[in-house]
Amino acid sequence: MDRREAAAVLAFIGRLDPRTVRTGTGEARDQIDQWQELLDDVPFATGHGWDVREAIRSHVLDSPYPILPVDIARRWRAHRRDRLDRHTDPAPTADPDDPVAWRAELLRSREAVAAGMAASSTHRQISNGDRPRDVEERVREAGSCIPPAVRAELARYRPTRAAREAAVAEGIPDALDVRCDWCHAPVGSPCRRRKASLDGATRGNAVRVTPHPSRVERAAARRDRRRAA
C-alpha cells in the first residue's frame with residue numbers, strides 16, 4: 001500500500017468512525033506516514049477476495065474501539081493463511097529432473113496465491129482444468145501418449161493390439177470396428193478360435209492374434225462404402 005492508498009484508507013475510516021480523523025495538517029500528514037509504513041506489505045485490494053474497505057467495515061461493526069493499522073494487518077495475514085491453506089500446489093510444468101526450476105516455479109505459484117494475484121487451486125492437477133500447453137505439444141509431436149520405445153516393449157505382452165496397430169499403419173482396415181460373423185466377436189473385441197465337436201457343441205475359446213478373414217473383408221467393404229458415400 002503506497003502513501004496515496006493509505007490516505008484513501010484513512011479517509012474511508014473517517015467517514016465510518018469520525019474518532020480517527022485528524023484535523024491538523026501536520027497531524028494528518030504524520031498519521032498518513034505512520035499508516036503507510038505499517039501497512040506497506042498490505043494491498044489495498046486484490047482480484048481474489050481481499051478489499052481493505054471490507055476489513056475496515058467489519059472491524060467498525062464488530063468492535064467498539066477505533067481501528068488501528070495492526071487490525072488491518074492481522075486481517076490481511078489471516079486472509080493470506082486461508083488462501084494458502086486452501087491451495088493444493090498443482091504440479092509445476094517445469095522438468096521434474098531440474099529441481100531448481102521446479103522449486104522456483106512452485107514458490108512463484110505460492111507467492112502469487114498469497115499476494116492475491118492468482119486464484120487458489122482447490123483441486124488436484126488431475127482434475128484442475130486443461131493440461132499444460134507443453135504437454136499438449138509433446139503429445140502432438142509424438143502422436144501418442146505412449147512413447148514409441150515403450151510401445152515396442154509392450155507389443156509382446158499384447159500381440160492382438162500390436163497386430164491391429166500394425167494393420168492400421170499399413171492401410172489395412174481395422175477389422176475390430178465391425179462384428180465378426182464367424183466367431184460372433186462383438187465390435188472392439190478380438191476374434192476367438194472356436195471349434196465345433198461332432199455333436200455340434202463349441203469347443204475352445206482362445207483369442208486369435210489376427211482377426212478372421214471374413215471379418216477383414218467386412219471391414220474393408222464398410223470402408224469402401226464410406227468412401228463412396
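The values are calculated or read from the model by the stated rules, or taken from the named source; none is laboratory data. This structure is a prediction, so every number in the text was calculated from the model and none was measured. All Cβ positions, glycine included, derive from the backbone under ideal geometry; neighbour counts span all protein chains shown.
Observations on the model:
- Per-region count, the stretch 9-32, residues loosely packed, with under 14 Cβ neighbours inside 10 Å and either under 43 Å from the mean Cα position of the chain (by Cα) or outside any helix (DSSP H, G or I) (or both): 3
- For the stretch 14-44, taking the residues that are aliphatic (A, V, I, L, M) and at pLDDT 90 or above, the one that is farthest from Arg3 (Cα to Cα) is identified as Leu16.
- Lone qualifier among Glu105, Glu54 - being modelled with pLDDT of 85 or more, under 24 Å from the mean Cα position of the chain (by Cα) and part of a helix (DSSP H, G or I): Glu105
- Within the stretch 209-229, the residues that satisfy the criterion of being modelled with pLDDT under 85 and not in a helix (DSSP H, G or I) are Val209, Thr210, Ala229.
- Apart from one condition, Ala73 fits all of (1) assigned to a helix (DSSP H, G or I); (2) over 24 Å from Ser120 (Cβ atoms); the exception is (2).
- Residues in the stretch 62-73 that are surrounded by 14 or more Cβ atoms within 10 Å (Cβ to Cβ) and either within 36 Å of the chain's Cα centre (by Cα) or among the charged types (D, E, K, R) (or both): Asp71, Ile72, Ala73.
- Filter pass, Arg80 being without any contact (Cβ under 8 Å) to a residue 60 or more places away in the chain and either within 25 Å of Ala7 (Cβ to Cβ) or over 22 Å from the mean Cα position of the chain (by Cα) (or both): yes
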